[in-house]
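First comes the structure, then the notes that go with it.
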Amino acid sequence: MEWNFFVSVTVQSDGVGVLPRKFTRFLISVEPESEDDTAESGIFDLQEETLSRYSETCPNAVVETSKVAKEEISVAWTSPSEGSGCIFIRATILETPDTWYMDDQNLGIKICQDSKAEADDQGQVLKKCCACEEAKYEVTFEGLWSRNTHPKA
């Protein structure tokens, strides 16, 4: 079962006040929760190459291409292969050299493989079904079942 899925990661200013707040620099990174050097963290895909580029100094990170003021930036992220564990996507935002944000609750997310999705897998559909053997089943009735609601005929 493949785990790979795509997520759109968007950093957007909160727009408090009359004029929307803008940021000039950013760094969006993805890191595996495991400190194992071989752990996968997925892949970023640039959505707006005029505003973002891959970081030359930080692996698995995207940064700005210029210091032009921005209200929003988006990148796509593809999850790592199945069994890679949880990852963290984090953003660092710089409005001015003196005003910057990182490690805030709204600037990061932990994403893990859904173990329920794996358990819900029904397997392959059989093209030919042959009930040649004896089988036993257990049935559980839930709800109101009484002489009054379901009388004998």
Given the conditions (1) within 24 Å of Gln113 (Cβ to Cβ); (2) out of contact with any Gly (no Cβ under 7 Å at 6 or more places or on another chain), every one holds for Thr65 apart from (1)
Would you call Ser81 assigned to a loop (DSSP other than H, G, I, E, B) and hydroxyl-bearing (Ser, Thr, Tyr)? yes
For region 38-56, enumerate the residues that are of a type in the set (Asp, Glu) and over 21 Å from the mean Cα position of the chain (by Cα). Glu49, Glu56
Out of all the residues in region 117-136, is one or more at pLDDT 70 or above, of a type outside the set (Phe, Trp, Tyr), outside any loop (DSSP other than H, G, I, E, B) and more than 18 Å from Thr24 (Cα to Cα)? no
Considering only residues of region 92-107 that are among the hydroxyl-bearing types (Ser, Thr, Tyr) and touching a strand residue (DSSP E or B) at 6+ places or on another chain (Cβ under 7 Å), which is surrounded by the fewest Cβ atoms within 10 Å (Cβ to Cβ)? Tyr101
From the set of residues in region 40-72 that are of a type in the set (Ser, Thr, Tyr) and in contact with an Asp or Glu (Cβ under 9 Å, 6 or more places away or on another chain), which is modelled with the lowest pLDDT? Ser41
Evaluate the following for Lys110: is it touching a strand residue (DSSP E or B) at 6+ places or on another chain (Cβ under 9 Å), under 29 Å from Glu33 (Cβ atoms) and either modelled with pLDDT under 90 or among the basic types (Lys, Arg) (or both)? yes
Residue check for Asp36: surrounded by fewer than 16 Cβ atoms within 10 Å (Cβ to Cβ) and in contact with a strand residue (DSSP E or B) (Cβ under 9 Å, 6 or more places away or on another chain): no
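The values are calculated or read from the model by the stated rules, or taken from the named source; none is laboratory data. Computed from a predicted model, the values in this text were never measured in an experiment. Heads up, the Cβs are rebuilt from the backbone with ideal geometry, glycines too, and the neighbour counts pull from every protein chain shown.
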